[in-house]
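Report on the structure given below.
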Amino acid sequence: MKYRLLFTLPLVFLFSGCLRLNSNLFNPDSDINAYLLDDYKDETVPLDSSYNIPKELIHLFTLESDDNGNKAKIYAVYIGDTTRIGTDTVILYNHGNAKNIDVYWTRAKLLANVGGKNRFGVLIYDYRGFGLSEGQPSESGLYADADACCKWLKSKGLTQDRFVMYGFSLGTAPTCELTAYKRTLQPYCFVLEAPFASTDEMVQDAALLNLPAAYFTDNKIDNASKVRDIQQPFMWIHGIDDSFLAMDTHGQVVYDNYMGIYKEAHKIPGGKHGNTPYAWGYPAYLSAVEAFIVR
């Protein structure tokens, strides 16, 4: 009886951890009244004042996202001159699974410094249920929310040849979906930072059990398969020391599956899941992203 109990307890622990995956795939913080932006202190990607953006180039606004009739008002911030979207190159930043725009604000500001301050426009937004955005998170909602941003950019005159999509962690799902399958606006190139291969692989990582992902989660995200359908140039960034989404079982699989026209890999020593731009060094990171976009 004692040995049966010892055997059962680890299984209970593993199963309970996996059963939480479906909810923890989305980890929003909607308990806020306003966005702090520059007043939010991020220790993983800290920036000094040289990266600051003029206040007149920071625009907070809302969009309507329609997920097959399930509509939600989502919040977004555009960094740049909105009157120049029709002639600028713009980066859409799809953020990770934790909290809200504030956590990723310094990353968006970094991208607004690629190639010099405000050379490229940057759009960052909160998925439904994150931050001040309305609704409940879902896989289909992710795609609808990203597409709502594409619709707004297209309405401002942006065309595919000047559109870049950048996905981090959870944000690699809408990036792969909208890059692979034509919706409102496909990018001409895309960046994946710390991508996950699939929800199935996440289950295997968490449980060490050979069980289907459907047993633990209703989400069917499979970036490793979708990337096979993408032809646009691809930049992959992954921290070697990422313990949340292991580089070898997630990012490397996505990279290897891509068979499009061009790809480049950047494996960053000392990079963990959230601090890879910092570990890389901002000048090297900014230079690499610029070189990829303008290649």
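Neighbour counts of C-beta atoms inside 10 Å place Asp81, Asp102 in the sequence Asp81, Asp102, starting with the fewest. When Ser225, Ser243 are arranged by Cβ crowding within 10 Å, least crowded first, meaning fewest neighbours, the order is Ser243, Ser225. Within straight-line reach of Lys71, meaning a Cα separation under 23 Å, sit the following lysines at least 8 residues removed in sequence or on another chain: Lys99, Lys151, Lys154, Lys156, Lys182, Lys220. For trypsin sites (Lys or Arg not before Pro), the sites in region 39-89 that DSSP calls loop and that have at most 12 other Cβ atoms within 10 Å are Lys41. Reducing region 90-122 and region 250-272 to their Cα centroids gives an inter-centroid distance of 20 Å.
Taking region 43-142, which GluC sites (Glu not before Pro) meet the DSSP loop condition and have no more than 13 other C-beta atoms within 10 Å?
Values: sites: Glu43, Glu56, Glu64, Glu134, Glu139; in loops: Glu43, Glu134.
Of the GluC sites (Glu not before Pro), the ones in loops of region 43-142 whose Cβ has at most 13 other Cβ atoms within 10 Å are Glu43.
Given R₀ = 30 Å, what would the calculated FRET efficiency be for Asn257 paired with Val294, taking r from the Cβ atoms and rounding to 0.05? Approximately 0.70, to the nearest 0.05.
So for Phe196, Phe26, fewest C-beta neighbours within 10 Å to most, what's the order?
Working: Phe196 27, Phe26 20.
By the 10 Å Cβ count, ascending: Phe26, Phe196.
Report the Cα centroid-to-centroid distance between region 150-179 and region 30-54 in angstrom, as an integer. That distance is 23 Å. With the simple model of a label 7 Å out from the Cα in the direction of the Cβ, Glu64 to Ser243 spans 4.7 nm. Can you list the lysines whose alpha carbon sits under 23 Å from that of Lys267, skipping same-chain ones fewer than 8 residues off? Lys267 reaches Lys109, Lys226.
The numbers here are math on the coordinates, done by the rules we state, and not lab data. Everything numeric in this text was worked out from a predicted model, so none of it was measured. Note: ideal-geometry Cβ built from the backbone for every residue, glycine included; neighbour counts use all protein chains shown.
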